[in-house]
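Peer 1: Structure below; questions to follow.
The values are calculated or read from the model by the stated rules, or taken from the named source; none is laboratory data. For clarity, every value in this text was computed on a predicted model and none was experimentally measured. Neighbour counts run over all protein chains shown; Cβ positions are idealised from the backbone, glycine included.
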Amino acid sequence: MIRSTLISAAAIVDHRSEGATVSAAQIMGLVASGQATSRAELSRLLGWAPSTVSAHVQELIDSGLLEESGEGRSRGGRRPRLLSVRSGDAVILGADLGGHHARIAAMDGSGRPQTIKDITLDIAAGPEPVLEQIGDALDELRAGRPVLGTGIGLPGPVGLDGVVVGPSRMPGWSGFSVRQWLAERFDSPLVVENDANLMAMGEAVARGPELRDFVFVKAGTGVGAAVVGDGRLHRGARGIAGDISHIRVPAGGDQPCSCGNFGCLETIASGAALVAAVRRDGGTVENTADLVRLARDGNPIVTTNLRFAGRQLGEVLATVVNFFNPQAVILGGALAGCDLFIAAARGVLYERCLPLTTQDLDIGESAAGPDAGLLGIGRLAIDQGLALAAS
Ligand SMILES: [Zn+2]
C-alpha cells in the first residue's frame with residue numbers, strides 16, 4: 001500500500017514548475033511543519049500559481065499522502081479547506097551519530113519527530129557493534145510499525161554508495177558499507193549521509209522554502225560543511241562536496257593532520273584542535289563542551305583561541321562565499337553556540353568577500369537546533385522513498 005502511494009506521488013517529483021525545481025517533499029514538509037495549512041498558504045510560500053499548487057496537492061491527496069481535515073477561517077471569501085499529512089501509523093526511523101552519543105527518533109510520514117531518544121555509544125568500537133546498538137534502539141522505537149524510510153548520519157565522510165571514506169575520528173569504519181548493513185536489517189528506503197549534509201537539509205526544513213542557496217558549517221569536535229543549491233543538497237561526484245576540513249590555512253603551518261597532509265583547517269578550527277591548543281596554553285579542558293562553557297565565562301585562554309580559530313574558518317569560508325554566492329552561511333555544532341567564534345568568522349567574511357556577495361548575506365547560528373540532523377534524515381528519506389518508487 002505504502003509503495004503504491006509513493007509510486008503515485010513520485011509522478012510529481014522533479015517536476016519543473018514556474019522555473020523552480022520542486023519536490024513533493026517540499027509541500028509535505030510545509031504542511032507537516034505547520035507552516036502551511038491550506039493551498040493558499042502553499043501558493044504564497046512557494047511562489048507558485050494557485051492552480052499549480054492545487055494540481056500538486058490533488059495528486060498528493062489522491063496518492064494518500066495528504067488529506068483534507070476540515071475548514072479554516074475565511075478571510076473574506078470561501079473558507080479554505082485545511083490540509084494535513086496522512087501517514088497512518090508508518091514511521092521514518094533516524095539516528096544521528098556523534099563520537100560518543102546518538103540522537104535517534106521515530107518520525108511521522110512527513111519527517112516530523114514523534115519520539116526522540118539520546119543514547120550513549122563509542123564510535124571507536126567500530127561499525128558492527130555500534131550499528132547493532134543503533135539497530136536495536138531503532139527497532140524499539142519502531143514498535144512493530146511499518147517503516148517508510150531509515151536513515152543514519154555519521155560524523156565523517158560518506159561516499160554516494162553509503163561507504164565511509166577515511167574518517168578522522170572513526171577508527172575501523174573506513175571502507176565499511178553502512179548502506180549495505182542497513183539494507184540487511186531494514187526493508188525501506190535508506191539514507192546514509194555525513195552529518196553536516198543532514199544538518200543542512202534539516203535547516204532547509206526549519207527555515208522553509210525561502211532558503212534555497214546556502215552553506216552549512218558544522219563546527220564541533222571536527223569541522224565540516226555542506227552545500228545546498230536551489231533547495232537541493234549538492235553531494236558532488238563522489239559525495240564529498242563541502243568537506244572544508246582539509247583545506248590548508250596559512251596559520252596551519254606544518255601542523256600534521258589526520259589526512260597525512262599539513263596545516264589543514266581541521267588542525268586549527270576543529271573542537272579537537274582547540275582543546276589541544278588551549279591545553280598547550282595552560283588551560284584545563286577535556287572536550288568541546290568545556291570550551292563552550294569556559295568561553296561563556298570569558299576565560300581568556302579559551303576566548304583568544306576561539307577568536308583565532310573563527311578567523312581561520314572565515315578565511316576558508318571567504319573563498320567559498322566568493323565562489324558560490326550563497327544567501328546564507330549557517331553555523332551549527334557545539335562551537336556555533338559561541339558568539340565570538342561566529343563573530344570572528346563573520347568579520348573575516350566581510351573583510352575578504354566582494355561587497356555584492358556580503359550585502360544581504362545572512363551569517364548566523366542554525367535555527368534547527370539539536371534536531372537538525374534528524375529533520376534532514378526525514379526530508380531525505382521522503383525524497384529517497386519517492387525516487388525509489390519512481391524507478
Ligand atoms: Zn587534513
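Peer 1: Determine which member of the set Leu83, Leu97 is in contact with a strand residue (DSSP E or B) (Cβ under 9 Å, 6 or more places away or on another chain), at pLDDT 85 or above and more than 20 Å from Asn194 (Cα to Cα). Step through it out loud before you land on a result.
Peer 2: Numbers: Leu97 fails: more than 20 Å from Asn194 (Cα to Cα).
Matching residue, one of Leu83, Leu97: Leu83.
Peer 1: Residues Ala295, Ala289: which one is small (Gly, Ala, Ser), surrounded by fewer than 16 Cβ atoms within 10 Å (Cβ to Cβ) and away from the ligand (no atom under 16 Å from the Cβ)? Working first, answer last.
Peer 2: Details: Ala295 fails: surrounded by fewer than 16 Cβ atoms within 10 Å (Cβ to Cβ).
Testing whether each residue is small (Gly, Ala, Ser), surrounded by fewer than 16 Cβ atoms within 10 Å (Cβ to Cβ) and away from the ligand (no atom under 16 Å from the Cβ) leaves just Ala289.
Peer 1: Against the definition (surrounded by fewer than 20 Cβ atoms within 10 Å (Cβ to Cβ), closer than 19 Å to Ile377 by Cβ and without any contact (Cβ under 8 Å) to a residue 40 or more places away in the chain), how does Gln255 come out, yes or no? Spell out the reasoning first.
Peer 2: Values: surrounded by fewer than 20 Cβ atoms within 10 Å (Cβ to Cβ): yes; closer than 19 Å to Ile377 by Cβ: no; without any contact (Cβ under 8 Å) to a residue 40 or more places away in the chain: yes.
Here the answer is no, as Gln255 does not meet what is asked.
Peer 1: Filter region 258-286 down to the residues that are more than 9 Å from the ligand (Cβ to nearest atom) and in contact (Cβ under 8 Å) with a residue 24 or more places away in the chain and list them by number. Spell out how you get there, then give the answer.
Peer 2: First pass over region 258-286, keeping only residues more than 9 Å from the ligand (Cβ to nearest atom): 268-286.
Within region 258-286, Ile268, Ala269, Ser270, Gly271, Ala272, Ala273, Leu274, Ala277, Val278, Asp281 qualify.
Peer 1: To continue, here is another question. Do we find a residue being without any contact (Cβ under 8 Å) to a residue 40 or more places away in the chain and either among the β-branched types (Val, Ile, Thr) or closer than 16 Å to Asn325 by Cβ (or both) anywhere in region 207-226?
Peer 2: No; the residues of region 207-226 include none that is without any contact (Cβ under 8 Å) to a residue 40 or more places away in the chain and either among the β-branched types (Val, Ile, Thr) or closer than 16 Å to Asn325 by Cβ (or both).
Peer 1: Which of the residues spanning region 277-286 are under 29 Å from the mean Cα position of the chain (by Cα) and either of a type in the set (Phe, Trp, Tyr) or loosely packed, with under 14 Cβ neighbours inside 10 Å (or both)?
Peer 2: Matches in region 277-286: Glu286 only.
Peer 1: Further, regarding this structure: Which of (1) out of contact with any Asp or Glu (no Cβ under 9 Å at 6 or more places or on another chain); (2) at pLDDT 95 or above; (3) within 16 Å of the ligand (Cβ to nearest atom) is the odd one out, the single condition Ala225 does not satisfy?
Peer 2: Condition (1) is where Ala225 drops out.
Peer 1: In the set Asp243, Asp230, which member is charged (D, E, K, R), within 16 Å of the ligand (Cβ to nearest atom) and at pLDDT below 95? Spell out how you get there, then give the answer.
Peer 2: Working: Asp230 fails: within 16 Å of the ligand (Cβ to nearest atom).
Going through Asp243, Asp230 in turn, the sole match is Asp243.
Peer 1: What helices (runs of 4 or more DSSP H), lying completely within region 272-391, carry at least 3 residues that are touching a Gly at 6+ places or on another chain (Cβ under 9 Å) and at pLDDT 95 or above?
Peer 2: Details: elements: 288-296, 300-324, 339-352, 355-358, 372-390.
The helices (runs of 4 or more DSSP H) meeting that bar are 288-296, 300-324, 339-352, 372-390.
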